[in-house]
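The values are calculated or read from the model by the stated rules, or taken from the named source; none is laboratory data. Because the structure is a prediction, the values reported are computed rather than measured. For neighbour counting, all protein chains shown are included, and Cβ atoms are generated from backbone atoms with ideal geometry for every residue, glycine included.
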């Protein structure tokens, strides 16, 4: 038995977290990081998993992939994506992550959706770090990730009587 974290011992609770609390925990996790691993499938069916910066608007994520990359080409060919965000592992008491099962939307420059995305994605910071023009966003395509379902995992939930794996589903 763990002396420091006795709630990590079995039996583990399985109770569902109320949806509003689950949404709050997912949004909090999204705000604690800004890099995920995005998985797509190339033209031959092989997986591509790449780290990429994101910025969240609720549960939707905005990304700015380099033009012509295998990742962007894969999304254009097949918008189904998966991604993972985690806070690192420091023992069972610290597991906290989310896995998205989602679809990607490619936003063309100067469309209303792209303009909205440029307000979410912190492009100016990236441009400044790279020594690029900070007066206006690069006219590259943005990618918007819209979740269909999210598997949220947090072992700290055991302490409060909830299961560590919680599912969020889109209502669309």
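Do any residues in region 131-150 that are closer than 13 Å to residue 103 by Cβ have Cβ atoms under 9 Å from those of residues that are modelled with pLDDT under 90 and surrounded by fewer than 16 Cβ atoms within 10 Å (Cβ to Cβ), where the two are at least six apart or on different chains, and which pairs are they?
146/172; 148/172
Could you give me the residue pairs with C-beta distances under 8 Å whose first residue belongs to region 153-166 and is modelled with pLDDT under 95, whose second residue is in a helix (DSSP H, G or I) and surrounded by fewer than 16 Cβ atoms within 10 Å (Cβ to Cβ) wherever it lies, and which are 6+ apart or on separate chains?
155/92; 155/93; 155/94; 156/93; 156/94; 158/7; 159/7
How many residues does region 135-172 contain that are within 17 Å of residue 72 (Cβ to Cβ) and outside any strand (DSSP E or B)?
Qualifying residue count, region 135-172: 5.
Quick test for you: out of 49, 39, 84, 56, pick the one residue that is touching a helix residue (DSSP H, G or I) at 6+ places or on another chain (Cβ under 8 Å) and either under 11 Å from residue 142 (Cα atoms) or assigned to a strand (DSSP E or B) (or both).
Just a single option satisfies the conditions, and that option is 56.
If you go through region 63-72 one residue at a time, do you hit one that is more than 20 Å from residue 116 (Cβ to Cβ), touching a helix residue (DSSP H, G or I) at 6+ places or on another chain (Cβ under 8 Å), surrounded by 16 or more Cβ atoms within 10 Å (Cβ to Cβ) and modelled with pLDDT under 95?
no
Does region 122-134 hold any residues that are out of contact with any helix residue (DSSP H, G or I) (no Cβ under 9 Å at 6 or more places or on another chain), part of a loop (DSSP other than H, G, I, E, B) and either at pLDDT 95 or above or farther than 24 Å from residue 70 by Cα (or both), and which are they?
131
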